[in-house]
Each structure stands twice: as C-alpha cells, then as structure tokens.
Amino acid sequence: MTTTGTEAPVPTSSAAAGIVMADRPLAAAGERLRLLLAAEAARLGRPAPDVACLGDADTLAPRPEDSLDARARATVHLTADAVLVGPWGGDGTADGTACGVCLAMRWQRLRGSAQRGALEAGSGTTAAGTWPLPTAALATAVLALHQAVTGPTPPDSGLTGGDRRLPRVTRLDLATWHTVTVPLLPEARCPGCPTAGAHPEPEPGLALISRPRAAHAYRLRAPESYDLPAVALANPVCGALAAGVRTDLTSPTTAPVAGAVLLRTSTGLTEMTWSGKTGSFRRSRDLGLLEGLERYASTLRQSLVSPLVASYDSLGDTALDPRDCGVYAPETYAAETRLRPFDPARPIPWVTGWSLRDQRPVLVAQRSAYYFEGSDADAFVDDCSNGCATGSCLEEAVLFGLLELVERDAFLLSWYGDTPLTRIDLDECGRPSVRALLDRAELLGYGLHVLDTRADLPIASVAAVAVRRDGGPGHLSFAAAAALDPAAAIDSALAETLTYLPGLAARVAARPDELEAMAEDFTLVRRQDDHPALFGLPRMAAQAANYLTPSATVPFASLRADRPEGPHDLRDDVRRCVDALAAAGHDVIVVDQTSREQRRLGLRTVRVIAPGLLPMDFGWSRQRALHLPRLRTARPGAPDRPLRLVPHPFS
Ligand SMILES: [Zn+2]
C-alpha cells in the first residue's frame, strides 16, 4: 500500500511537474528521491538514474496517460518498503534484456490480493502509516549501489544455470538496508520492450517431423536438462511463477515442491498453482517449474495480437463447434447466472488450431483453448487443463496432451458407465519402481491395485486405487494414466495415487459434516478438492464397487497393444494415436500455446482438443461428460446398463 504522513518538505519542482503530492505520498517520496539522486549525481559528476514508483498505479493495464517510456527507462524503483535497482546486466540478447516495465509487471503480480485488487480494480490505495522519508543518506546508498551494478565491472551475483544470462534487480530494504539480487525474466507481454509482442506469426500448419526416440522413452529430454532460470521463476521480488518455492519436508511418500501466483481472470484474481511430486526435491522443483510454465502459457493467451471476434454462424466449417466438446445441463445455466449457454449467433473470440486428422486449420473458441480466458459473451464453459502438455518439441507435447485426454476419457467412461473392470497382475510388470510404490503404500496402511480402463481405444489406460486397510477416513484414493508403454501407465498412476495419500485422512477429518452432507446431496460437490475428499469417507466405498471388486485378474501382457516394433519415433506415435481417435470418430486439434519464455528454453506447450471425448470437469453440476453421446456409445459391455450418477473421485 502507499502510505501517507510524510512530513518531509516536498521539493518545489514537483509542483511544477504537476504531481498532487498530498494525494500521492508514494509519488511524493519518489520525486524527493529523484531530486536527491540528481543532486548527489551532479556532485559526483555522474548521470542521474531515472526513478519510477511501484505500487500506486496498475502496471499490468496501464492508463493511456501513464508514461510507459519513463517507466521503461527507470533503473531505480521506489516501493513502500524497498528501492529496486535495475534491471541491470544480462547477456544483451533480446531474451536477456528487460526494461523497467517488465520489472513493474512481474513485481505487481506477486503482490497480495488486497493490493492487487486496489491497484487493478480501480478502487485505489489508502494511507497505511507513515511513509519512510527518503534521506540524503539513502540517496547516497542508492546511487552507490546503482554505480556498482551498472559500472564496467558489476559484481558477480553468484547466479547459475539459466539465471546467469538474465538481467538482474537488486533490492535495497528500506528498514534494514539489506540487499538481495535476483534475476528478472523479461515479460513477453511488456509494452515497454521493443522486442516484446514480436511473437512469431502462427505457423501455417503444424507439420510433425520425425523425432527418433529410444525404446520405452517417450520424453526426449529429462526435466533437469532444461536450462531453467529457477530463481527468476520463483523469487520474492519479481518471480515469474511464484514469490518462492514451498518444499514439504514431512511427506512420507514423495519430496513435493510447489508454488503459486495470482492471475487475473474473467472472474477475478485466481491462484495458479504448480507442483512437482517426485522422490527428489531437485527433480520435483524442476518438474514443478515446468508445470508452472505450462500453466502460465495455457491459462491466459500470451500474444498481444487481438484474437478474431466472430459468431460461430459466420465462420461455417472453418471453426470447431464448442458444443462438440460438451456443454452443461440447462439447469446449470439457469442456476449460475455467470454462465450463459453457447449462442452460435453471438460474436466471441477465436484462436487458430490445427487439425491433425484433416490437416487443416480450425478456429477454436478462445474460451476452449485457454482456461482462464473469458468474458460474459463466451461464458458457456469453465474448462480446466484437459489436454494441455509441454514437451521438448511439438511432437512430444502433442503426444502427452493426447494421452491425458485418453486417460481422462477412459476413466470417466469406466466411472459413469459403471463398467465391469479387470485387475492387472502387477507381479508380472517387472518394474522395481512398481514394487517400491506398493511397499510405500503398505507403510501408510493402504493396499494399491490397478485396473484396466480401456474402452474402444487401443491405448493402455489404467486406474490406480488405494484402499485404506483399516477402513478409516481417507478410505479411497484414485488416479489414472494412459501411455503407449503399459508399464509406464501403471507406474504413473500408482505414483500419482501415492502423492495424495499423506494427509488424505486429515483432509477428511477437517470437514466431516461437510463431506457427509455431500454424500447425501451431490450438488454440494462444487470444488476440485471436493471430489477426492468425498471418497475419503468410508461409506462412499459402496459407490465404487467395480473398482474394489474387479471381475477378474488379467496378465500384465494383456495391456499391450498390437503395434509394430520400432523404429521408435514420436511422430509415428502421435500418428497412431490420431488414427485411433479418428477411427473412433474424433478429430484431434492442436492449439500451439508456447510462450516466448518457453520457446527460449526449448519448450513447446500445446492444448490438444479431441471433440467428443469425455472431458474432466469439477463440480457435480458441471459434468459435461454426462451429456456427451460417447458415454452411451463407447461403453464396453451392455450399453443399456444404468449410468453411475455419482461424482467422480478424480483430483
Ligand atoms: Zn519490458
């Protein structure tokens, strides 16, 4: 918050600059600091740095009268509790150069919801105390710091890896005068940078190219092989994805690392979380940062170029009908005033996708492509991350996006279709990691088993179920996976189940009445975490009989598809999946969401859309899967059997 109460005499020249100092204490302090710096610099015969203030204007959506040029040039930034000196350094390339607006945008995103609300919703900030008086001593310190970092031999900040080539910012704390230096990731959407917004034009077509891979290896690079700027992505001054990383030192099953940042969406400030849950904190951090970058790119459109706005009716067959991806029940639209049924005559924004089945461009509703984008006009669905994936190349990203869609579709078919399921004999799997996962679950008092959830697609799809042996709270936990390598699918589903087990009983015990009410009235299941928590109630086991009492145990080898052996190539893998989906009547559309930050790191992010597959939704009133024809047509066994009208347990 900006503060009032400074009793410092305001330099007279500020009045000439037209600043109403009584109403803008931060601006007054900034102007005073600027004059003090100018005087000190003149005394030393040096140029004075430009000064800007952070915290009294919305830098994410600047007003026309805000001077972007002045802010972009500034290398001294005054906040309520610190002076930020920079950006300085960097390797001088376009991706290693940032301006003061880049810093201001990244800094603002890390503020708390109260301050961001005040800045961005236009309600303004109010006085919260006495503003620290910029003194001559402070100006001397700031100028000395400025000279040190911008001089011919700037200090070595000790940064390594991908952080090393980035510009830096040094924070001088106004209370303690401690300094800390962090790297700054240039902001791809910065209006102050000459190179920002210069996104490559969308490619005319997404041509898949040959990507040879090793047998059983569907990722071409390990997470740690990316030169991730880990500090620039998570630091308290200007972290792109979080103010810091949270490591959970108490988990008995994994070494989890997580972070979060607030993003502004059509419904207000929404927390974008990311996490990595592996057996090593370093690997979890890298995987978490990769997930954060993926979510950053796939939640909000990164391009500064305005999307096409048109009605579906006017676009004809050049566009995907959003209704093909599923809509809510009429009662949902009637009950939730923010939602509106899709209207083909209403103009809405569209982005370009590419059909891998038909080899042609297809327009996709922006709302269906970026899950935090939206306006009143296109509030026909609240999607989530279905089909978003990152890889080292387009082919890898598309494959993993596709597999996620298949995984969720297979799970929902088995759940809502109440399909009889077979249990996979895990002893035959032959992976030491599987044995280790089963043993870890036993230590926590859970038995784990894996079920074959394939329906009509020839891709290994499994569900893992953890059952608490003593029947206590935190009773069931579910996860799913699909993969071209069946052993990898089993590994992945088991590992994901294990990440949920620690703390599950406590999450149930924290709100027993609420969950019991949900078990009686499913419409109370509204949030994502309600779904898995509900199945922590032992009584819900009765609703999951086909997962707990499989019809048979089948050999692991039965999960293998009849596929030709080698040569191993990701392009062929993608084509096989696309052909399989096409044979089942579904297109595969890819929206390239790669952000500039990701492109520099050698990453690609896509959203894969397969219209008609059952999408994962959260909230009982929002289950699009229940209204899609596939739920009736693709169920193995008896298509006339009643559906299981119970919220899914997926998290
Ligand atoms: Zn910039």
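General remarks:
- The charge dipole of the chain, taken about its Cα centre with unit charges on the Cβ atoms of Lys, Arg (+1), Asp and Glu (-1) only, comes to about 880 debye.
- Two-decimal Rg/Rh across segment 479-553, once Rg and the Kirkwood Rh are taken from alpha-carbon atoms: 1.03
- Dipole of the chain, positive direction: furthest Cα of 342, 172, 183, with charges on the beta-carbon: 172
- Alpha-carbon spread of the chain, three principal axes, descending order, Å: 87, 59, 53
- With only the Cα atoms considered, segment 49-131 has a convex hull volume of 109 Å³ per residue.
- Cα gyration tensor shape for segment 606-649, rounded if a/c is under 1.5, else prolate or oblate: oblate
- Rolling a 1.4 Å probe over the heavy atoms of the protein chains gives the chain an accessible area of 40 Å² per residue.
- Seen against the Cα atoms of the chain and their longest principal axis, helix 432-443 is set at about 90 degrees.
- Förster radius 30 Å - calculated FRET efficiency between residue 521 and residue 270 (Cβ-Cβ, nearest 0.05): 0.70
- Rg over Rh for segment 423-552 works out to 0.98, using Cα positions for both radii and the Kirkwood form for Rh.
- Helix axis angle, 281-299 relative to the chain longest principal axis, alpha carbon, degrees: 90 degrees
- One way to sum up the overall shape of segment 25-88 is the equivalent ellipsoid from its Cα gyration tensor, whose semi-axes run 21, 13, 11 Å, largest first.
- Since only 279, 304, 325 are under comparison, the one whose Cα sits farthest along the positive direction of the charge dipole of segment 271-327, derived from C-beta charges on Lys, Arg, Asp and Glu, is 279.
- Computed over protein heavy atoms with a 1.4 Å probe, the carbon and sulfur contribution to the accessible area of the chain reaches 54%.
- Relative to the longest principal axis of the Cα atoms of the chain, the long axis of helix 394-416 lies at roughly 50 degrees.
- The region of the chain that goes longest without hitting one of the GluC sites (Glu not before Pro) in a DSSP loop, each with at most 11 other Cβ atoms within 10 Å, is 66-564.
- Cβ-based charge dipole, the chain, positive-most Cα from 385, 603, 229: 229
- Cα gyration tensor category, rounded, prolate or oblate, for segment 569-614 with a/c compared to 1.5: oblate
- Cα pair count fraction exceeding 20 Å, expressed as % - segment 292-447: 64 percent
- Per principal axis, descending, Cα span of segment 239-353 in whole Å: 54, 36, 25
- Amide proton proximity set for residue 480, modelled H, under 5 Å, gap of 5+: 464
- Extension gain for residue 91 to residue 575 (0.36 nm times residue separation, less C-alpha to C-alpha distance): 170.2 nm.
- Rounded to the nearest 5, the antiparallel percentage of DSSP beta bridges internal to the chain is 90%.
- Rounded Å value of the spacing that divides the Cα centres of segment 340-415 and segment 589-651: 9 Å
- Taking a ≥ b ≥ c as the square roots of the eigenvalues of the alpha-carbon gyration tensor, segment 382-439 is classed oblate because a/c is 1.5 or more while a/b is no larger than b/c.
- Size of charge dipole - segment 321-427 - debye, nearest 20, with Cβ of Lys, Arg +1 and Asp, Glu -1, no other charges: 360 debye
- Residue-averaged 222 nm ellipticity for the chain, from DSSP H runs of 4+ at -39500 (n - 2.57), nearest 500: -9000 deg cm²/dmol
- When only the Cβ of Lys, Arg, Asp and Glu is charged (+1, +1, -1, -1), the dipole of segment 533-592 relative to its Cα centre reaches about 380 debye.
The values are calculated or read from the model by the stated rules, or taken from the named source; none is laboratory data. Since the model is a prediction, treat every value here as computed from it, not as a measurement. Quick reminder, even Gly has a Cβ in these numbers, built from the backbone with ideal geometry, and neighbours come from all protein chains shown. Each accessible area value is taken on the protein alone, full model and side chains, heavy atoms only, with ligands, DNA and RNA left out. Shrake-Rupley method; radii C 1.70, N 1.55, O 1.52, S 1.80 Å.
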